[in-house]
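Remarks on the structure that follows.
The values are calculated or read from the model by the stated rules, or taken from the named source; none is laboratory data. Small disclaimer: the values here were computed from a predicted structure and weren't measured. Cβ: placed from backbone, ideal geometry, glycine included. Neighbour counts: every protein chain shown.
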């Protein structure tokens, strides 16, 4: 479909000959880019390597080889961070371009090795037994530092995850699946407070023009934790369900404001799902007990109405 | 069969999407992009991906209510009655999709997909219900027909995938049922059929009047390659032989033609890789990377028990090594390959551009980076039919 577009546009005079030549080289496939392939390979390589290293460390605990492997991995980690520092670019509040194509991956490798090694020392020597929380917090702040210093979204996500786990919040789908996410007594309350505070920080940083491209990552984590926490609260603290319904509505409003400002709609998707669960729960507690067949009309009208609304105001939902 | 969508608009949308990427890389100026937008009007309602997902989920939820009511009405009709009405309901959904939504210029809006899959499900479910769910042949044929129809008429990729899967299942089922020698040669039947599919697809891609299905054909092309490999893969053949065909393997014994399958497991990825590089065929190249990984896994599975973590470390190190080496090697253009990102993100385009200019025009053009002032946010959506029609 796209093969003949450059030629057609050139013929119609919509692009110049120079532009046509340039674009045609790419679209005809005379020059092909393996940009994404190489990046995917690097990423998979880093993931395989660090996962393997993580398993290796745990399996060989107590062996004579573990000191050696630990030493090697530490050396490699230092090498990675050394590489990052050697080729560093000056800090800026804006997005920073990586100096070398694989720079980001070396930094990621170093950070993931850091987690493995630290986990190992923890396990083997009980080194941080009394300070488990503190240890996680230090990791989190180290990663926050790395993320801001070297402008790395991946490491930022690691930092947020570590920071959340300091508050005993596990950001991992498997854990949720096995029901461990909110196994503790009032973790959903922690989740709500955590996400509200962290998104507050994110908004302030955004206002101050500090690494504005990080804001989305922050908010994404926060929204997810917030809605997961509130929906869990809905079912855990049944007698307080009205509070959680209102909280979810507040979250939906926030998602709406963000969508309006940033023209990014991922949060609306979360908001819709959480809001729908909350509304349904509310109605189930009140109206539907009397008339069950209302369910069908309800799902048709509510979702149908929602679809109509989005289509009716389609210009609002257009990406910038 | 014709597509349900207006060809010219689908084409215009492709032009707008393509030139948007050019504009992002500053191959063309923003003013030019706005001008192109004006020349290629797209009256479709085709929102961005997130909104599409949102609409898709909401529509499915709404449809679940409709379905609930539907079953309330037909609950007493008996099993044949219910099946017939399901087919009727499914076909009705197709008509509603076409008349109401596509008629109102929805194009892959999320709503259309939801209704389409819903319609497919009811039609196929109804047909299966008519035969009491025990006629596999009929069910597979129904799947193939309905999914192919949806894929072709609505240009849908997921039903394209489902159609290929139904075709493969039908092929397998019939060879399997035929028994005897047919059962033995299933891998070769698959390799032959999908090689044929691959080459036919390649041929169809060159036909201009099939342009509107280019994405579907691309999908068929890639899946055919994967299936060619999979049907010759030692692990797949062995496990399927043992599990489905009651092949008893005593200690130390191997499947029939084992060496052939070992050979194919090694040879096909290398072949894909070689031809992919030689012809600069990105589909082949990507599939080859995937199947190389599957081959490594196959050999690890049978020959290196345990030591998973060491293999992971080694594989990871090798991948990182190769990728970094290639990034250095492709710093400048080699055989038409480059490490630079030619069409998408903005931050690399200066390098890429300078680089392409130096390649294609021998550096005799002046680099005119106007940067481009933002020319009044052009809007591609807008209602009203294009004057062409």
Show the residue pairs that are 6+ apart or on different chains and have beta-carbon atoms under 7 Å apart, the first residue being within the range A:1-26 and facing chain B (nearest Cβ under 7 Å), the second being in a loop (DSSP other than H, G, I, E, B) and exposed (fewer than 15 other Cβ atoms within 10 Å of the Cβ).
-> A:18/B:365; A:21/B:361
Quick one: which of A:29, A:52 is at the interface with chain B (Cβ under 8 Å from one of its Cβ atoms) and on the phi > 0 side of the Ramachandran plot?
-> A:29
Give the range A:9-31 a look and list any residue that's assigned to a helix (DSSP H, G or I) and surrounded by 13 or more Cβ atoms within 10 Å (Cβ to Cβ), or say none.
-> A:9, A:10, A:18, A:19, A:20, A:21, A:22, A:23, A:24, A:25, A:26, A:27
Residue that is surrounded by the fewest Cβ atoms within 10 Å (Cβ to Cβ), among those in the range B:269-297 that are under 18 Å from residue B:236 (Cα atoms) and in contact (Cβ under 8 Å) with a residue 60 or more places away in the chain | B:297
Of all residues in the range A:79-92, count the ones that are within 25 Å of the chain's Cα centre (by Cα) and either loosely packed, with under 13 Cβ neighbours inside 10 Å or in a helix (DSSP H, G or I) (or both).
-> 5
Determine whether the range A:274-284 contains at least one residue that is at pLDDT 90 or above, within 23 Å of residue B:112 (Cβ to Cβ) and assigned to a helix (DSSP H, G or I).
-> yes
Would the range A:62-70 turn up any residue that is in a helix (DSSP H, G or I), without any contact (Cβ under 8 Å) to a residue 12 or more places away in the chain and crowded, with 18+ Cβ neighbours inside 10 Å?
-> no
In the range B:35-50, which residues are out of contact with any helix residue (DSSP H, G or I) (no Cβ under 6 Å at 6 or more places or on another chain), part of a helix (DSSP H, G or I) and surrounded by fewer than 20 Cβ atoms within 10 Å (Cβ to Cβ)?
-> B:38, B:39, B:49
Which residue pairs have Cβ atoms closer than 6 Å, lie 6 or more positions apart in sequence or on different chains, and pair a first residue in the range A:285-300 that is assigned to a loop (DSSP other than H, G, I, E, B) with a second residue that is modelled with pLDDT under 85?
-> A:288/A:294
If residue B:200 satisfies every condition in (1) without any contact (Cβ under 8 Å) to a residue 12 or more places away in the chain; (2) under 30 Å from residue B:255 (Cα atoms) but one, which is the exception?
-> (2)
Output the residue which, of all residues in the range A:48-61 that are without any contact (Cβ under 8 Å) to a residue 24 or more places away in the chain and in a helix (DSSP H, G or I), is farthest from the chain's Cα centre (by Cα).
-> A:59
Check on residue A:44, at the interface with chain B (Cβ under 7 Å from one of its Cβ atoms) and farther than 30 Å from residue B:155 by Cα = yes
Members of the range B:50-77 that are under 13 Å from residue A:311 (Cα atoms) and at the interface with another protein chain (Cβ under 7 Å from one of its Cβ atoms) | B:51, B:54, B:55, B:58, B:59
Of the residues that make up the range A:298-319, is at least one more than 14 Å from chain B (Cβ to nearest Cβ) and touching a helix residue (DSSP H, G or I) at 6+ places or on another chain (Cβ under 8 Å)?
-> no
More than 7 Å from chain A (Cβ to nearest Cβ) and either closer than 24 Å to residue B:268 by Cα or modelled with pLDDT of 85 or more (or both) - does that describe any residue in the range B:315-324?
-> yes
Which one is modelled with the highest pLDDT among residues in the range B:325-360 that are at the interface with another protein chain (Cβ under 7 Å from one of its Cβ atoms), part of a helix (DSSP H, G or I) and farther than 17 Å from residue B:285 by Cα?
-> B:347
Given the conditions (1) under 16 Å from residue B:107 (Cβ atoms); (2) surrounded by 19 or more Cβ atoms within 10 Å (Cβ to Cβ); (3) at pLDDT below 90, report the number of the one that residue B:3 does not fulfil.
-> (2)
In this structure, is residue B:325 under 16 Å from residue A:42 (Cβ atoms) and touching a helix residue (DSSP H, G or I) at 6+ places or on another chain (Cβ under 8 Å)?
-> no
Answer yes or no: is there a residue in the range A:131-151 that is under 25 Å from residue B:327 (Cβ atoms) and at pLDDT below 90.
-> yes
Kindly indicate whether residue A:36 is within 10 Å of chain B (Cβ to nearest Cβ), part of a helix (DSSP H, G or I), exposed (fewer than 14 other Cβ atoms within 10 Å of the Cβ) and modelled with pLDDT under 90.
-> yes
Just for helices (runs of 4 or more DSSP H) wholly inside the range B:145-252: which have at least 2 residues that are more than 22 Å from the chain's Cα centre (by Cα)?
-> B:157-178, B:180-184, B:186-205, B:234-244
Residue within the range A:250-257 that is touching a residue at least 24 places away in the same chain (Cβ under 8 Å), touching a helix residue (DSSP H, G or I) at 6+ places or on another chain (Cβ under 8 Å), within 25 Å of residue A:221 (Cβ to Cβ) and at the interface with another protein chain (Cβ under 8 Å from one of its Cβ atoms) present | no
So which of B:303, B:261 is buried (at least 17 other Cβ atoms within 10 Å of the Cβ), more than 8 Å from chain A (Cβ to nearest Cβ), farther than 28 Å from residue A:29 by Cβ and out of contact with any strand residue (DSSP E or B) (no Cβ under 6 Å at 6 or more places or on another chain)?
-> B:261
